[in-house]
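Every read-out reported here was derived from the displayed coordinates using simple, explicitly stated rules and does not represent laboratory data. Here the structure is a predicted model, which means the values were calculated and not measured. Cβ placement follows ideal geometry from the backbone for every residue including glycine, while neighbour counts extend to all protein chains displayed.
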Amino acid sequence: MTEQDIINMLSSNLLYLLGAAFLVFIIFQGVRIVPQSEKYVVERFGRLHAVLGPGINFIIPLLDRVAHKISILERQLPNATQDAITKDNVLVQIDTSVFYRILEPEKTVYRIRDVDGAIATTVAGIVRAEIGKMDLDEVQSNRAQLISQIQHSVESAVDDWGIEVTRAEILDVNLDQATRDAMLQQLNAERARRAQVTEAEGKKRAVELAADAELYAAEQTAKARRIEAEAEAFATEVVAEAIAKNGIEAAQYQVALKQVEALNALGGSNGSQTVVLPANALDAFGDAFKMLKGVK
């Protein structure tokens, strides 16, 4: 074998080696392994060709290239503070935090340049708009409803960018010192008003209870008098019936009975030891005793 043959053989082997190396390079360039947390945007001649998902993917070397590697993990925007004016013209400072993730990277990379800045600007505008629809008391008491409205509005605004807003949080609602002082005065005045109302209601209730007690006592007195009157009426009816049946003797008997009872009452009194009566009264009592004796 001549020197020229050796040179030709080495050249031929080198070409084979170069060809094999180029083939291996082409194969490696055509294989793309995408991590679970990412998506690759592939361009062909400068135009969008495909989006590669997690796992092993194949592309055509020299024609296709991976132009963008996009993380699909959830991201958090830096906490932002923006001024807003409520419906009742109170200036507040709202601290917000937004979480999002990219669902369609082909939309994100070709429709918006600064994703974080765009979302932050959108959130600030929506927060001001929503705060302007509510009074300060509603902002502080209905924070969950406000967060839900903000998240819904942000989702609608960023839908064309292939982004999903997973959470939107209002971290704090701050007021200036003058507004805080005014609210404190209002709170103290409201507490004083409630105390006065409570005291007035207590006095009113006491008056109502006293009036009810007096009314109850009057009703009971009237009821007792009515019973007494009914008893007297019944007794009168009985006497009248007796007179109707027995004549004047029954009436004289009742008069005599009353006279005896009156005499017993005068004699039995603790403060009366001596009783002075007219003469004709003694005769009347004598007649009464005779009549009672006769009846018996």
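Express in nm, to one decimal, how much length is gained between GLU74 and ARG226 on full extension, taking 0.36 nm for each residue of separation and deducting their alpha carbon distance. Display every interim value, and only then the final one.
Working: separation 152, 0.36 × 152 = 54.72 nm, distance 8.85 nm.
Separation in residues times 0.36 nm, less the Cα-Cα distance, equals 45.9 nm.
Based on the mean of other beta carbon atoms within 10 Å per residue, what is the order of 197-204, 83-90, 104-111, most packed first?
Details: 197-204: 10.0, 83-90: 14.2, 104-111: 17.5.
The most tightly packed comes first, giving 104-111, 83-90, 197-204.
Once you charge only the Cβ atoms, +1 for Lys and Arg and -1 for Asp and Glu, what is the size of the charge dipole of the stretch 4-136 about its Cα centre, to the nearest 20 debye? If you can, show how the numbers build up before the last one.
On the way: 14 positive and 14 negative charges, 66 e Å.
My answer is approximately 320 debye.
Take the Cα atoms of the stretch 48-192, find their three principal axes, and give me the spread along each one in whole Å, biggest first.
80, 23, 21
How much length is gained on full extension from ASP116 to LYS133, taking 0.36 nm per residue of separation minus their Cα-Cα distance? Mind showing how you got there, number by number?
Details: separation 17, 0.36 × 17 = 6.12 nm, distance 2.62 nm.
Between ASP116 and LYS133, full extension yields an extra 3.5 nm.
Taking the number of other C-beta atoms within 10 Å as the exposure measure, put ARG47, ARG191 in order starting with the fewest.
Fewest-to-most Cβ neighbours within 10 Å comes out as ARG47, ARG191.
Per the Debye formula with a single identical scatterer at each Cα and no solvent contribution, what log10 I(q)/I(0) holds for the stretch 110-163 at q = 0.21, 0.26, 0.28 Å⁻¹?
Debye curve over Cα of the stretch 110-163, log10 I(q)/I(0) at q = 0.21, 0.26, 0.28 Å⁻¹: -0.76, -0.99, -1.09.
Can you give the Kirkwood hydrodynamic radius of the stretch 3-71 from its Cα pairs, in Å with one decimal? Show your work: numbers first, answer last.
Details: mean 1/r = 0.0710 Å⁻¹.
Computed over the stretch 3-71, the radius equals 14.1 Å.
For the stretch 50-129, with the dipole built from +1 on Lys and Arg beta-carbon atoms and -1 on Asp and Glu ones, taken about the Cα centre, which of PRO105, ILE126, GLN82 lies farthest toward the positive end?
After comparing all options, I get PRO105.
What distance in nm separates the two pseudo spin-label positions at ALA50 and ALA189, each 7 Å out from Cα along the beta-carbon direction?
Modelled inter-label distance: 7.2 nm.
Mind putting a number on the dipole of the stretch 3-71 about its Cα centre? Charges go on the C-beta only, +1 for Lys and Arg and -1 for Asp and Glu, and I need it in Debye to the nearest 20. Provide the component values of the computation, followed by the final result.
Working: 6 positive and 5 negative charges, 110 e Å.
Roughly 520 debye, rounded to the nearest 20.
Need one number: nm distance between label points at ASN142 and TYR16, each 7 Å from Cα along Cα→Cβ, rounded to one decimal.
That separation, rounded to one decimal, is 8.2 nm.
What list do you get for THR122, THR81 if you sort them by fewest beta carbons within 10 Å?
On the way: THR122 18, THR81 12.
By the 10 Å Cβ count, ascending: THR81, THR122.
Kindly put TYR16, TYR40 in sequence by how many other C-beta atoms sit within 10 Å of each C-beta, fewest to most.
On the way: TYR16 10, TYR40 22.
Lowest count first: TYR16, TYR40.
For the stretch 194-245, report the translational diffusion coefficient in µm²/s to the nearest whole number, using Stokes-Einstein at 20 °C, 1.002 mPa s, and a Kirkwood Rh over Cα pairs. Don't skip to the end; give the middle numbers.
Values: Rh = 14.4 Å.
Reported coefficient: 149 µm²/s.
Per-residue counts of other Cβ atoms within 10 Å, averaged by peptide: what ranking do you get for 213-223, 49-59, highest first?
Working: 213-223: 10.0, 49-59: 14.8.
For the peptides 213-223, 49-59, the packing ranking is 49-59, 213-223.
Leaving out same-chain residues fewer than 8 places away, which aspartates and glutamates sit with a Cα under 20 Å from that of LYS87?
Hits, sequence-local ones excluded: ASP95, GLU130, ASP135, ASP137, GLU138, ASP172, ASP176, ASP181.
I'm a student and want to see the number: the projected area of the Cα convex hull of the stretch 118-226, averaged over all directions, in nm².
Working: hull surface 49.9 nm².
Approximately 12.5 nm², given one-decimal rounding.
Report the net charge of residues surrounding GLY162, where surrounding means a beta-carbon distance below 13 angstrom and charges are Lys +1, Arg +1, Asp -1, Glu -1.
Values: positive: LYS39, ARG101, LYS107, ARG111; negative: GLU104, GLU106, GLU155, ASP159, ASP160, GLU164.
Charge balance in the 13 Å sphere: -2.
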